[in-house]
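Worksheet: the structure to be examined is printed underneath.
Since every read-out is calculated from the coordinates, none of them should be taken as a lab result. Please read all numbers here as calculations on a predicted model, not as lab measurements. Glycine also receives a Cβ, built like all others from the backbone with ideal geometry; neighbour counts cover every protein chain displayed.
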Amino acid sequence: MLRVALALIALAGPLAASDEEVVLGLSRDTVSITTNFEGSEILIYGAIKRETPIRLDPTLEVVVTVAGPDRPVTVRRKERVAGIWVNTDAVEIDSAPSFYAVATSGPLDEVLRDTEDLRHKISIPRAIRSVGAPENVTDTAAFTEALIRIRTRQGLYRTAEGGVELTEQTLFSTAIDMPANLTEGTYDTRVFLTRDGEVVGRFETFIGVRKVGLERFLFTLSREQPLAYGLLSLAIAIAAGWGASAGFRALKRG
């Protein structure tokens, strides 16, 4: 399993309070997807830089999010009609992250107010944008909930309440597990500091996820030369079938 470590580089988020700044950085900013890629664990750790003594009331909390590229998604509802499962209603979700993980230093509803969640789009439901829906569909929220359930089962959506370890209101760390079925692209990484549920500071960076080697060659070929890609796939299938047949014949003779 690929492990991506994060080194410490002093950088301040644009919304950081004047007396508290996030210290965080990346030792490498690319995850390489190869033919044997089985997922990755990203270690995120850092510190809070202060010019004044630590405030203990209210206490500081930390929220970390990692979001994959946004894509529109069509969610369909199936119903049983005359004994057959068929698609009935469909809702086009305007934008949903292909991967989304959120980790917090405490229960999400305690470390983040709903108004702040709405403003910064931190929780999974807030990260998904669905504006319009067909007039015949009245329960549009059910389609968003279905998408969340499906991608949670696939390991693409994760919420780890209490997953951020915060020490002495200064040092924090968490590990984000990323599955093998990642989408290529830029993964936005955000760190929020909150007090009494309000965001008092933030830091943003990104991780690049790229296909390399044979994965990159096949991906590029399928997009730029689909005919050649199809012929190559057919040739590989024929060669694999012939090889398996030859192997069985050799076993029988032996």
Under a point spin-label approximation (7 Å from Cα along Cα-to-Cβ), what is the residue 118-residue 56 distance to one decimal in nm? 3.5
For the stretch 163-180, take each phi angle, set θ = phi - 60°, evaluate the Karplus expression 6.51 cos²θ - 1.76 cosθ + 1.60, and give the result in whole Hz per residue in order, putting x for glycine and proline. x, 9, 8, 10, 10, 6, 6, 9, 9, 9, 7, 7, 10, 10, 7, 10, x, 6
Less than 14 Å Cβ to Cβ from residue 53, Lys/Arg counted +1 and Asp/Glu -1: what total charge do the surrounding residues give? -2
With label points set 7 Å from each Cα along the Cα-to-Cβ direction at residue 198 and residue 142, the distance between them in nm comes to 4.0
